[in-house]
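**Q** Once you've had a glance at the structure underneath, I'll fire off some questions.
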Amino acid sequence: MRSRGLVVPRERGESVRQRLAAEGWLRTDLRIRSDARSLTLPIQDGAPVPAEWGVVLDTEFDLRPPDGPADYRELLRGSAEDRARAPRSFDVVGDIVLVRIPREAESQAPEIGAALLAFVPGARIVGADRGVHGLERRRRIERLAGGGGWATVHRENGLAIDVDVERAYFSPRLAVEHARVAEEIRAGDRVYDLCCGVGPFSLHFARDGRAREVVAVDLNPAAIDLLERSQRRERFSVRITTHVASIEAFLPDRTPFERAVLNLPHEGIKYASSVAGVVAPHGRLYYYEIVPRTEFERRGDVIARTIGPRGEWTVLGYRVVHPYSPDSDLVAFTLERAGG
């Protein structure tokens, strides 16, 4: 049967599959195709899959025998209107499922939790995600179903990452970004990973082995502890140097590096000019921000003017990482500094 298919490298296949399933974009009636280097994932017609996730092609797929519901909401009781109020998407972190419950579906929260626990393969616990709070970016979670704590090992792009979703920042929605930025690192580059959370960017850089030096910084000591656990397990040839520090305390008098990542979407602009100061000539800054959809085209130029004099920074491009609200998205900007 012919369908739209998303072609991705094998090492990114599981991360992208989980993301497609969580967004409701994966066709579960068709079998995934595979070869030695790639997977082709069947996707729904009209699914707004970001271009950087992979290549979309019309492909012939084999039918998959039905083995359960295609959408967890089919497991909910009540009317079609009740099921429609339940959130469509959710996140899977290791054996943990996180879901944001809209206000109109709060009365269904326990049933949503039970349905997700039954629907997601390997799920151990389901939590209502009440958002990230405070300087240390800790997530407030309410248990809906299942048992155990909020620590897990999440597998992403061939890496095993120690995560505690309650104690330290991590988003599985950035799996494609982690791999994309890592692919741009050149042999001998030095990289700052600022507000690193549990360190998925740094772990990708160290695993790929081209960077000469990787420095990861976060204010939350729990995040740095989790990063160091992952590093001890993986034993990369490139060692990640870690610092528990705020951006303001860390940046003064730092040697400029060829690359810097600033993933602080809600308030990163306050620090962007300081971070730009530790990017070497011809170096790049990977900057993440929540942006209203009406401002995509001009926001990059505003950021470039904010972080340096006119002409010093060029916006190489921007990518929508994922929707954030009905009228805004998380956007990744790549900026390059002019030569000295």
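**Q** So which residues in region 5-17 are in a helix (DSSP H, G or I) and crowded, with 21+ Cβ neighbours inside 10 Å?
**A** Passing the criteria: Arg12, Gly13, Ser15, Val16.
**Q** Listed residues Arg124, Arg85, Arg140; which is more than 30 Å from Gly197 (Cβ to Cβ), of a type in the set (Lys, Arg) and outside the structural domain of Val7 (by TED's automatic domain parsing)?
**A** One residue alone meets the criteria, Arg85.
**Q** Give the residue that is farthest from Ser237 (Cα to Cα), with candidates limited to residues of region 191-217 that are more than 17 Å from the chain's Cα centre (by Cα) and among the β-branched types (Val, Ile, Thr).
**A** Val217
**Q** Can you work out which of the residues in region 219-251 that are under 20 Å from the mean Cα position of the chain (by Cα) and polar (S, T, N, Q) is surrounded by the most Cβ atoms within 10 Å (Cβ to Cβ)?
**A** Ranking the qualifying residues of region 219-251, first place goes to Ser230.
**Q** Search region 163-180 for residues being modelled with pLDDT of 95 or more and either more than 21 Å from Leu226 (Cα to Cα) or aromatic (Phe, Trp, Tyr) (or both), and hand back the single one that is surrounded by the most Cβ atoms within 10 Å (Cβ to Cβ).
**A** Phe170
**Q** Another question, then. For Arg155, which of the numbered conditions (1) surrounded by fewer than 18 Cβ atoms within 10 Å (Cβ to Cβ); (2) of a type outside the set (A, V, I, L, M, F, W, C); (3) assigned by TED's automatic domain parsing to the domain that holds Gly283; (4) in contact (Cβ under 8 Å) with a residue 60 or more places away in the chain fails to hold?
**A** Every condition holds for Arg155 apart from (3).
**Q** All but one of (1) in a strand (DSSP E or B); (2) over 30 Å from Gly94 (Cα atoms); (3) touching a residue at least 40 places away in the same chain (Cβ under 8 Å) hold for Glu289, so report the exception by its number.
**A** Of everything listed in (1) in a strand (DSSP E or B); (2) over 30 Å from Gly94 (Cα atoms); (3) touching a residue at least 40 places away in the same chain (Cβ under 8 Å), Glu289 misses just condition (2).
**Q** Filter region 301-333 for residues that are under 23 Å from Ala179 (Cβ atoms) and either over 16 Å from the mean Cα position of the chain (by Cα) or outside the structural domain of His178 (by TED's automatic domain parsing) (or both) and give the result.
**A** Of everything in region 301-333, those that are under 23 Å from Ala179 (Cβ atoms) and either over 16 Å from the mean Cα position of the chain (by Cα) or outside the structural domain of His178 (by TED's automatic domain parsing) (or both) turn out to be Val315, Leu316, Gly317.
**Q** In region 237-290, how many are closer than 12 Å to Leu335 by Cβ and among the β-branched types (Val, Ile, Thr)?
**A** So the answer is 3.
**Q** Residues of region 183-214 being buried (at least 21 other Cβ atoms within 10 Å of the Cβ) and of a type in the set (A, V, I, L, M), which ones?
**A** Hits for region 183-214 are Ile185, Val191, Leu194, Val198, Leu203, Ala206, Ala211, Val214.
**Q** Go over the candidates Pro48, Pro102, Pro65, Pro110 one by one and state the one that is under 20 Å from the mean Cα position of the chain (by Cα) and surrounded by fewer than 19 Cβ atoms within 10 Å (Cβ to Cβ).
**A** Among Pro48, Pro102, Pro65, Pro110, only Pro48 is under 20 Å from the mean Cα position of the chain (by Cα) and surrounded by fewer than 19 Cβ atoms within 10 Å (Cβ to Cβ).
The values are calculated or read from the model by the stated rules, or taken from the named source; none is laboratory data. Note that the structure is a prediction, hence the values are computed from the model and not measured. Glycine also receives a Cβ, built like all others from the backbone with ideal geometry; neighbour counts cover every protein chain displayed.
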